[in-house]
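Quick note: the coordinates plus some simple rules give every number you see, no bench work behind them. Computed from a predicted model, the values in this text were never measured in an experiment. Glycine also receives a Cβ, built like all others from the backbone with ideal geometry; neighbour counts cover every protein chain displayed.
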Amino acid sequence: MRGLARFASGRAKAQADFRLYFTNLPTHVAMSTLTRRHFLESAALVGAGSTLFPDILGATAPRGDEITLEHIRHAEVLAGLSFTDEERELMLASLERARDGYVALREVPLPNHVVPSLVFDPTIGGERAPETAAPGPITWRPAPPIPRPTTDNDLAFASVAELSALVKARIVRSVELTRLSMERLRRLDSTLHHVVTITEERAMRQAHVADDELDAGVWRGPLHGIPWGTKDLVSVAGYPTTWGAAPYRDQVIAEDADVVQRLDEAGAVLVAKLSLGALAMGDVWFGGKTRNPWNPDEGSSGSSAGPGAAVASGCVPFAIGSETLGSIVSPSTRNGVTGFRPTFGRVSRAGAMTLAWSMDKLGPMCRSADDCALVFASIHGASPADPTSRSTPFAWPAERPVTDLRVGVVREEDYRNRDADEAMLAVLERMGVRLAEVALPDMDTGPMLQMLRAEASAAFDDLVRSGRVTELVRQDAGAWPTTFRAARFIPAVEYINGARARTLLMAAMRNVFEEVDVIVVPTFGAGQLAITNLTGHPSVTLPNAFRPVPDAARPAYRNPDSITVIGDLYADERVLAVAAAMQAGTDFHRRRPPVQ
């Protein structure tokens, strides 16, 4: 209330806050002459296709200003509604009270890490999670160590499993791997722009501890002494956590995120915080555009751009990415790496930037599905700090062979990667896997995705109202600043009905998985990316094609492509097992990019 009252008295700060809602007004309209009518008439200019009209009215006026029937009429147009004058009269008092409530609510500090009291549960679709008291260790044991690679480049591209065997046998020391990783990150960053911060002091301390423990006979598991990087929306105490956005480039969060703590406990060595598109969109951040090591003429895709580029170029054996709507799948495809998006809630998000509480997931990006499984085994499980997180059993290697699984296939008639996808399916058939064609639910996910936009706008409400959203690099119609502003006009009723439609989608997916255990699908086909991110189902995206780039600066440049395996809720090991089986019969995951 006080902040809006200051606007009424003409103070500069309140004018700046208010100007956020009028970014696209003609410059000849003076701030001192702005009225609600100007706001209502210009709301469409900020990209609002629908509106919660009490919010329109409440966002612009201090308590005590009169809401009129004309204001309601304007709001009705944006909301796609129509009322009579009698009905409008009856609403006036309610709208005044609602507007006063919005003003009061904005006095409550709500930093990004504060979760809403409503918690998304993917099992509403019809399946309860298999609960267990604790995640428990996997049965994996390191294979006999391979001979030491003859070159540093070969060592840099060794898998997590291979590096684990080498480190455990003391053939390679963690300190050596850590220094090699940081050297490559620094050297390639001038081309790839994939590093935000090298965590050198922390990394060297951890590497020395890892070596000392192994010398003393203490082995923490397959990640002991292995370097890794994280997308820079995951907090690490003592280092900036920038979220890829200029307003937060100096932000330091005091606590390590849960995923960092769990990897510390596993003995892994954090070497870098890696780039992401600003606030988890795309591959453009305040340091520029992250590049793809297979074709640095183009971006790395996003928003887990830095993890994708760093793993693909041999800078780190694995990295932690995040996904809300494709941010692991897309950069894994573009960079030719293997990305695993676990079932919603299986990895705690505490300490990670929130974009959408009901859709955010953390997961590993590696060179293979087997490596993803080794990382996931160390990071999954419930945490008191994340009310959506759960502990459920995970076995690796998977308890059922892939030949015992019911594998569904979604086929589409004509798309770029069809031949490569069919070749991967043939790999499974040669192993004795029987495939059955299935179809994903034919539902319009667009209205449901209004939930993502509304949640993201709430998560960054203060950024918009403070005016600092204008510091983001991208300011176009499809960028976050416009989305955040437009999302203020999503009706609360439509948000809730979107959630109800989402329940129907979850139930429809439950029916699909009554028939099969996993589904192999074109990565960007059949609407699967939106469907599975809304329903919380797990997926593995793995490379299966590297096409020459026409007219490229170098003949070795390639355009990677991928295929995706999705699975039932909490059946993450089955998804990984099918992906690992396809990789056992191919070598796409072992190929190296020209930038390395």
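When peptides 242-254, 115-127 are ranked by their average number of other Cβ atoms within 10 Å per residue, the highest-first order is 242-254, 115-127. Neighbours of Glu422 by Cβ distance under 14 Å: Lys/Arg scored +1, Asp/Glu scored -1, total -4. Taking every alpha-carbon pair in the stretch 423-520 and binning the separations at 5 Å intervals from zero gives 2, 11, 15, 13, 11, 10, 10, 9, 8, 6, 2, 1 percent. Dipole orientation for the chain: of the candidates Ile566, Ser378, Ala420, Ser378 has the Cα lying most toward the positive pole (charges on Cβ; Lys, Arg +1; Asp, Glu -1).
Among Pro387, Met365, Ala556, which residue has its Cα positioned farthest towards the positive end of the charge dipole of the chain, with +1 placed on the Cβ of Lys and Arg, -1 on the Cβ of Asp and Glu, and the dipole taken about the Cα centre? Going by the charge dipole, the pick is Ala556. The helix-based estimate of mean residue ellipticity at 222 nm for the chain, built from -39,500 (n - 2.57) per DSSP H run of four or more residues and divided by its residue count, is -11000 deg cm²/dmol to the nearest 500. Summing Cβ point charges (Lys, Arg +1; Asp, Glu -1) relative to the Cα centre of the chain gives a dipole of roughly 1240 debye. Net length available on complete extension from Ala552 to Tyr415 is 47.0 nm, with 0.36 nm assigned per residue and the Cα-Cα distance removed. Protection proxy ranking of 104-110, 443-449, 220-226, by the mean of other Cβ atoms within 10 Å over each peptide's residues and highest first, is 220-226, 443-449, 104-110.
If we sort 364-370, 568-574, 261-267 on the protection proxy, mean other Cβ atoms within 10 Å, highest first, what's the order?
Ranked from most to least packed, the peptides come out as 364-370, 568-574, 261-267.
Give the separation of the Cα centroids, the stretch 81-99 to the stretch 337-362, in Å. Value for the Cα centre distance between the two parts: 41 Å. Calculated on C-alpha atoms, the gyration radius of the stretch 73-216 divided by its Kirkwood radius gives an Rg/Rh of 1.29. Separation of the stretch 547-583 from the stretch 125-202 is 20 Å, based on Cα centroids. With neighbour counts taken as other beta-carbon atoms within 10 Å, the residues Lys231, Lys289, Lys273 rank, fewest first, as Lys289, Lys273, Lys231. If you count Lys pairs in the chain whose Cα atoms are under 26 Å apart, skipping same-chain pairs closer than 8 places in sequence, the total is 7. Under the convention that each Lys and Arg Cβ holds +1 and each Asp and Glu Cβ holds -1, the size of the dipole of the stretch 333-478 around its Cα centre is about 420 debye.
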